[in-house]
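Only one structure is covered here, and it is reproduced in the block below.
The values are calculated or read from the model by the stated rules, or taken from the named source; none is laboratory data. Just so we're clear, the structure is a prediction, and the values are computed from it rather than from any experiment. So basically every Cβ, Gly included, is an ideal-geometry build from the backbone, and we count neighbours across all protein chains shown. Ligands, DNA and RNA are excluded from the accessible area calculation, which covers all protein heavy atoms including side chains. Shrake-Rupley method; radii C 1.70, N 1.55, O 1.52, S 1.80 Å.
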Amino acid sequence: MFLPATRDSIARAAVRLRQGGVVAFPTETVYGLGALAFDARAVARIFEIKGRPSFDPLIVHVADRSMLQEVVAAVPPAGETLMERFWPGPLTLILAKRPAVPGLVTAGLSTVAVRMSDHPVARALLEAVGSPLAAPSANPFGRLSPTRAEHVARMLGDRVDLILDGGATMHGIESTIVALEPRPVLLRPGAIPVEQIEASIGPLERATRGSAVRAPGQLAQHYAPATPLRLIDPRLVPDSERRRAGVVTLRDAYDGYSASRILSRRGDLREAAADLFEVLHALDALGLERIDAAPVGESGLGLAIMDRLRRAASR
Ligand code: TXA
Ligand code: MG
């Protein structure tokens, strides 16, 4: 069922969730697929609907500090600093979990990923439910994250009990994930530029593919459209290869492609990040042979954009 997010539909969604249902809802980053974090059977349905390997832990969404205390055992000083500055907002923190958090939520880890969304619908839903929600992005495993309710409907359709439609999401790219112990590590670049986090707690180690500490779900092949995508400077692509392909660029236009999308005419990375998945969903629906994506500079949100493009390309 697909309903515009209103006071009534949010109340209805809360009832479904309390009964063990699975509800898709908007956040400021991408749409989430939520279930009661303390109900392992409901959480199992999330994995089932997403076709997600169960070793991949979920983010737990909380409305306030008292809900946070239900799931995390302790918050180190750097965590306090980051929450003070960035919550509610698109920052996910990895913290020591309380024993009551089901192992299925954390894939057996002793830590839990937590975030406090600033989206009015996500907040209203959490408040109505009165309990933390485990909610990964509302896409099938390995596919593009949804930035509109229609994307969720197209990809997951009637497998979900209810989809709350809150329009297009603001950031369009997932939250930044930071682990704090034993030392601060950037696990996933995201909607909050890493530079802003470092300005508040100092340098972050970067989790790389080989490093010990990383987000288990950060498989190389993630966030991929069904159409093959490659990361390439379009100037190097001959006309013959452009005809049945699409191109996505930050601000430059290229002739000869069957479809062309510009992320931000002003070259604004915030605008580009917000439109990235939307544009990839749209290109993916055209039945192209290939999508060429032009690399962007890796400062600010460019880091998160390039992270998603590399993963989309490694399919
Ligand atoms: O913006 C977002 O964060 C969206 C919205 C819906 O909140 N959610 C989202 O969730 O992107 P998901 O499940 O698609 O990505 C969560 C990432 C995964 O890569 C997972 O492996 C990592 O967080 N993660 C979760 N718990 C973790 C933990 N305890 N330690 C390390 N990484 C963890
Ligand atoms: Mg995801």
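Short version: what are the Cα gyration tensor semi-axes of region 1-63, square root of 5 times each eigenvalue, largest first, in whole Å?
Working from the Cα gyration tensor, I get semi-axes of 20, 13, 11 Å.
Note the full-extension length gain between ARG154 and ASP268 as 0.36 nm times their separation in residues minus their Cα-Cα distance, in nm to one decimal.
38.1 nm
So, with +1 on the Cβ of K and R and -1 on the Cβ of D and E, and no other charges, what is the size of the charge dipole of the chain about its Cα centre, to the nearest 20 debye?
Numbers: 38 positive and 34 negative charges, 127 e Å.
Value, rounded to 20: 600 debye.
Long-range amide H contacts for VAL72: which residues qualify at under 5 Å (H placed 1.01 Å from N, peptide plane, sequence gap of 5 or more or a different chain)?
ARG98
Given R₀ = 25 Å, FRET efficiency for LEU109-PHE141 by Cβ-Cβ distance, to 0.05?
Working from the Cβ atoms, E equals 0.85.
Can you give the relative contact order of the chain as a percent, counting alpha carbon pairs under 8 Å and 6+ residues apart?
Rounded, it is 20 percent for the chain.
By what distance, in whole Å, do the Cα atoms of the chain stretch along each of the three principal axes, largest value first?
Principal extents (Cα only, largest first): 58, 45, 32 Å.
Ignoring everything except DSSP H segments at least 4 long, calculate the 222 nm mean residue ellipticity for the chain; use -39,500 (n - 2.57) per segment, divide by total residues, nearest 500.
On the way: 11 runs with 102 residues, N = 315.
Estimated from H runs of four or more residues: -9000 deg cm²/dmol.
Given a 1.4 angstrom probe, I'd like the percentage of the accessible area of region 2-206 that is carbon and sulfur, rounded to a whole number.
That fraction is 53 percent.
Under a plain spin-label model, where a point goes 7 Å from the Cα along Cα-to-Cβ, how far apart in nm are ALA73 and ILE232?
In this crude spin-label approximation the distance works out to 5.0 nm.
Leaving out ligands and nucleic acids, and using a 1.4 Å probe, what accessible area per residue does region 64-168 come to in Å²?
Per residue, region 64-168 has an accessible area of 36 Å².
For helix 269-284, what angle does its Cα long axis make with the longest principal axis of the chain, in degrees from 0 to 90 and rounded to 10?
That works out to roughly 70 degrees.
Using a probe radius of 1.4 Å on heavy atoms only, what accessible surface per residue do you get for region 229-313? Whole Å² is fine.
Accessible area per residue, region 229-313: 46 Å².
Let me know the charge dipole size of region 229-313 about its Cα centre in debye, to the nearest 20, where only the beta-carbon of Lys, Arg (+1) and Asp, Glu (-1) is charged.
Dipole size: approximately 40 debye.
Roughly what would the spin-label model give for SER131 and LEU286, points 7 Å off Cα along C-beta, in nm?
Result: 4.6 nm between the two label points.
Determine the shape class of region 219-315: with a ≥ b ≥ c the square roots of the Cα gyration tensor eigenvalues, call it rounded for a/c under 1.5, and otherwise prolate if a/b is greater than b/c, oblate otherwise.
It is oblate, given that a/c is not under 1.5 and a/b is not larger than b/c.
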